[in-house]
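The values are calculated or read from the model by the stated rules, or taken from the named source; none is laboratory data. If you're wondering where the values come from, they're calculated on a predicted model, not measured in any experiment. Heads up, the Cβs are rebuilt from the backbone with ideal geometry, glycines too, and the neighbour counts pull from every protein chain shown.
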Amino acid sequence: MTRRALSITVGVVGLACSLLMLVGMSVMGSIMADARTENITGPGVDVFLRTPFPLEGEAVVIDVAARGGSRAGIERIQVKGSETAGDMLAYVAGKGVTWGSYVRSGKTRGEATETVRFRVPDAVSPGETMRLTLYVDYVVAMGTGDGRTFENDHRSDVLHLDVSVYTPAGRRWARVALGGKAFAVFLVWFLLVWGIVALYGRTADQPATANGELEGIGMIGGLLGGGFIGYWLFARTVMAGYGTQSTLWAVALTTAWLVLPLAWVWKRWRARKAATARPGLPKAQIVSR
């Protein structure tokens, strides 16, 4: 493969991944949710477990997101468990309709999120699984079709979510397993970057002046696509293990995903260049007569 063809391939694939991620960002959250309604493009509910490894008696944190239409609002959330039949583990009253008679439609769909917190019931021991049922009442502002008016559509959905309760040792091993999954994804990305650089190395004898712009475009496209993939498959996986949604952690992990392979490749390239460099000529000495 020529240097030009390689640059074009890297750029096209990277930009395609970026565009795919940008188009899918509106539904990516639904795809990554721990529980959701079947319809991921229209009105529905997504459930995100923010404490994936709770201990006995610890607090469980769940984010419930209602989405659809131009605007969305949650009216109420009820959480019940199979171990406490008839008892309600949590109840959250949402804000419901927060808009008036005028709604500006946009390219993104409406979304509203409420957080549910409750403690693991005493009847649930480590090693058991809580089978939760969530009853969500919400409202979405749906256009009527003429492009000028809308109507508030009140909806109710029932979702099921299984939450395992861990011992301290079990939680540590569960986090190790999740970290191993994230590391495996990072290793695949690392090998991909190394392989692309190796292909560029095979074309080192070809003139690079005519391909400088293409190589720049290819690198930018590859970094954009890789950055999106790193955020969704690496950063979010690591963050999920510790139940954090910190923007700082997301930026730091995504930056590490992009920078570490390039830094390693740069270091190897410098070392190889130094090893293969021709020894310089001895310095001339002036001898006075």
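Of the numbered criteria (1) of a type outside the set (Phe, Trp, Tyr); (2) at pLDDT 80 or above; (3) surrounded by fewer than 18 Cβ atoms within 10 Å (Cβ to Cβ); (4) within 30 Å of SER30 (Cβ to Cβ), the one LEU253 fails is (3). The set of residues in the stretch 37-57 that are more than 24 Å from SER125 (Cα to Cα), under 18 Å from the mean Cα position of the chain (by Cα) and crowded, with 21+ Cβ neighbours inside 10 Å contains only ASP46.
Of all residues in the stretch 29-48, which are in contact (Cβ under 8 Å) with a residue 12 or more places away in the chain and not aliphatic (A, V, I, L, M)?
Taking the stretch 29-48 as the starting set, the residues that turn out to be in contact (Cβ under 8 Å) with a residue 12 or more places away in the chain are 29-30, 32-37, 40-48.
GLY29, SER30, ASP34, ARG36, THR37, THR41, GLY42, PRO43, GLY44, ASP46, PHE48 - these are the residues of the stretch 29-48 that are in contact (Cβ under 8 Å) with a residue 12 or more places away in the chain and not aliphatic (A, V, I, L, M).
Just name the residue that is farthest from ARG236 (Cα to Cα) out of those in the stretch 143-189 that are part of a helix (DSSP H, G or I) and of a type in the set (Phe, Trp, Tyr). Before you say what the answer is, go through the steps one by one.
Quick first cut of the stretch 143-189, residues part of a helix (DSSP H, G or I) only: 168-189.
The next check asks that each one be of a type in the set (Phe, Trp, Tyr); those that pass are 173, 183, 186, 189.
Values: TRP173: 18, PHE183: 12, PHE186: 12, TRP189: 16 Å.
Filtering first and then ranking leaves TRP173.
Of the numbered criteria (1) assigned by TED's automatic domain parsing to the domain that holds PHE228; (2) closer than 30 Å to ALA66 by Cα, the one VAL97 fails is (1). Among the numbered criteria (1) touching a strand residue (DSSP E or B) at 6+ places or on another chain (Cβ under 8 Å); (2) modelled with pLDDT of 95 or more, which one does LEU187 miss? Single failed check for LEU187: (1). Among the conditions (1) at pLDDT 85 or above; (2) out of contact with any Gly (no Cβ under 7 Å at 6 or more places or on another chain); (3) within 30 Å of PRO52 (Cβ to Cβ); (4) surrounded by 13 or more Cβ atoms within 10 Å (Cβ to Cβ), GLY241 misses just one, which is (2). Here ALA169 passes the criteria (1) surrounded by 11 or more Cβ atoms within 10 Å (Cβ to Cβ); (2) under 30 Å from VAL64 (Cα atoms) except the one numbered (1).
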